[in-house]
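Trainee: Handing you a structure now.
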Amino acid sequence: MKIGIIGLGGIAHQIYFPVLFNNKEIIEITAVMSRTQKSVDRVKKLYNIKFGTTNFNEFICKKMDCVFILTPKEHHKEFIIPLLKKDIHVLCEKPMAGTLANAKHILDSANKSKAKLMFVFNRRFMDVYKIAKNEFQNSYPSMMICQKNRPGREYRSTSENTIHMIDLLSWFCGDAYDVLAKSRFNDSYYEDQFGGLIEFKSGCIGIVAASRTVGQWEELVNIYGNGKTININSPNNIQIIYKSKMSGYSLIGANTGFVDAKDTLGFSNAIKHFFSCIKENEEPLTNAKSSYKTHKLLNILLKKSGLPIS
C-alpha cells in the first residue's frame, strides 16, 4: 500500500511515523508534503523517503493508495476533496474542518467518492472505551458524564480538546434531541470553563464538562444503565460494577511495563482499523457521516454556551 503524508509536525513524528514503520512490510511511504522545505528535507533524510514537496499539485500527481492528512483543521477541505475526487483513500486528524460549512462540503464529497474517508477520533479506539462500549452493544446508557480537564489556556479548547468527549457521547448515546450549555471566559476564544447538558433521542442524558483552571490533566467518564456502573479514569483504568459483582482493569503497561501513547491513546488501533476498512471494503467507524454529526453537535453546544461557533 503506497501512502502519502501531508503535515509533518509533532504528531506525525510522535505517533504516525512510528506506527507506520511498525507496519513497513505492508506499506510504503512514497510522498510527503509540508508548508516548509526545511520540514520536507528533514523527514526525507530521517525516514529515507524519496519524494517530498511543498506543492500540493506535485504531491497529488504521485501514485498513492491513501493519504494521511495531519494538518490544522483549517486546511482539511483543500486537501481532502481533491484526493477523494481521485478516489484516493484519506485518513485525517480530527476535527473534520474549521467550519461546519466546510465539514458539509467534505461530507458531500465523501458521499460521491468510492474512496474511504476516516477522521481520527482516537478515543473510540482506546481499549478502556472499547471495553465500556461492549457493555452497551445493543442498548444505550441511561446517563453518561464526561469530564476533560487540563491546566493552562488553549485557543478554542472546546473545539480542539473537549470535542473528544462530545464524540464519545455521540457514539454511546446516539442523536441529540435538546441541548443546554454554559461557559465562563474573559476571552471567548480562550474559555476557562465549559459545561453542557444533552438530552438524546435514545433517552440518555449526557453531561460534558471541561475546565482549564485545574491542577492536573484528567479525563473521567462515568456511564450508568442496565444495572451497571462504569467508571473510567482515562487512559488506563476502567471499573465495571454490576448489581452482584465488580470487575476492574488497569491497562498500564499490560504487555510492556510502560505506557506508549500511540497504543494507549488508540492511535495504533485507529490506523489498523483504517487499513482493514480499505482491505475489506468496509465503512470506517469514524467516517464522514459520523464526524459531521459530532461537528454539528459541537456547534450547537458552542452557540448555546456563548462561544464562537466553528
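The values are calculated or read from the model by the stated rules, or taken from the named source; none is laboratory data. Only a predicted model underlies this, so the values are computations on that prediction, with no experimental measurement involved. A quick note on method: Cβ atoms are made from the backbone with ideal geometry, for glycine too, and the neighbour counts reach across all protein chains shown. For accessibility, only protein heavy atoms count, side chains too; no ligands or nucleic acids. Shrake-Rupley method; radii C 1.70, N 1.55, O 1.52, S 1.80 Å.
Trainee: Do we find that N233 is of a type outside the set (A, V, I, L, M), closer than 22 Å to N134 by Cβ and touching a Leu at 6+ places or on another chain (Cβ under 8 Å) in this structure?
Mentor: Yes; evaluated as a whole, the condition is true for this residue.
Trainee: Here's another thing I want to ask about it. Given the conditions (1) surrounded by 14 or more Cβ atoms within 10 Å (Cβ to Cβ); (2) basic (K, R); (3) touching a Ser or Thr at 6+ places or on another chain (Cβ under 9 Å), report the number of the one that K50 does not fulfil.
Mentor: (1)
Trainee: Return the only residue of R42, R35 being assigned to a loop (DSSP other than H, G, I, E, B) and surrounded by 13 or more Cβ atoms within 10 Å (Cβ to Cβ).
Mentor: R35
Trainee: In segment 258-283, how many are at pLDDT below 90 and in a helix (DSSP H, G or I)?
Mentor: The qualifying residues number 4.
Trainee: Among the residues of segment 198-210, are any open to solvent by 60 Å² or more (accessible area, probe 1.4 Å) and without any contact (Cβ under 8 Å) to a residue 12 or more places away in the chain?
Mentor: no
Trainee: Being open to solvent by 10 Å² or more (accessible area, probe 1.4 Å) and either of a type in the set (A, V, I, L, M) or part of a helix (DSSP H, G or I) (or both) narrows it down to one residue among I80, I131, I106; which is it?
Mentor: Residue meeting the stated conditions: I131.
Trainee: For segment 221-251, what are the residues that are more than 18 Å from S139 (Cβ to Cβ), open to solvent by 50 Å² or more (accessible area, probe 1.4 Å) and part of a strand (DSSP E or B)?
Mentor: Once the filter is applied, which keeps residues that are more than 18 Å from S139 (Cβ to Cβ), open to solvent by 50 Å² or more (accessible area, probe 1.4 Å) and part of a strand (DSSP E or B), segment 221-251 yields N233, N237, Q239, M246, G248, Y249, S250.
Trainee: Then there is this: Within segment 162-216, restricting attention to residues that are among the charged types (D, E, K, R) and assigned to a loop (DSSP other than H, G, I, E, B), which residue is farthest from the chain's Cα centre (by Cα)?
Mentor: Out of the qualifying residues, it is D187.
Trainee: Can you go through M96, M64 and tell me which one is closer than 28 Å to T30 by Cβ, assigned to a loop (DSSP other than H, G, I, E, B) and open to solvent by 10 Å² or more (accessible area, probe 1.4 Å)?
Mentor: Among M96, M64, only M64 is closer than 28 Å to T30 by Cβ, assigned to a loop (DSSP other than H, G, I, E, B) and open to solvent by 10 Å² or more (accessible area, probe 1.4 Å).
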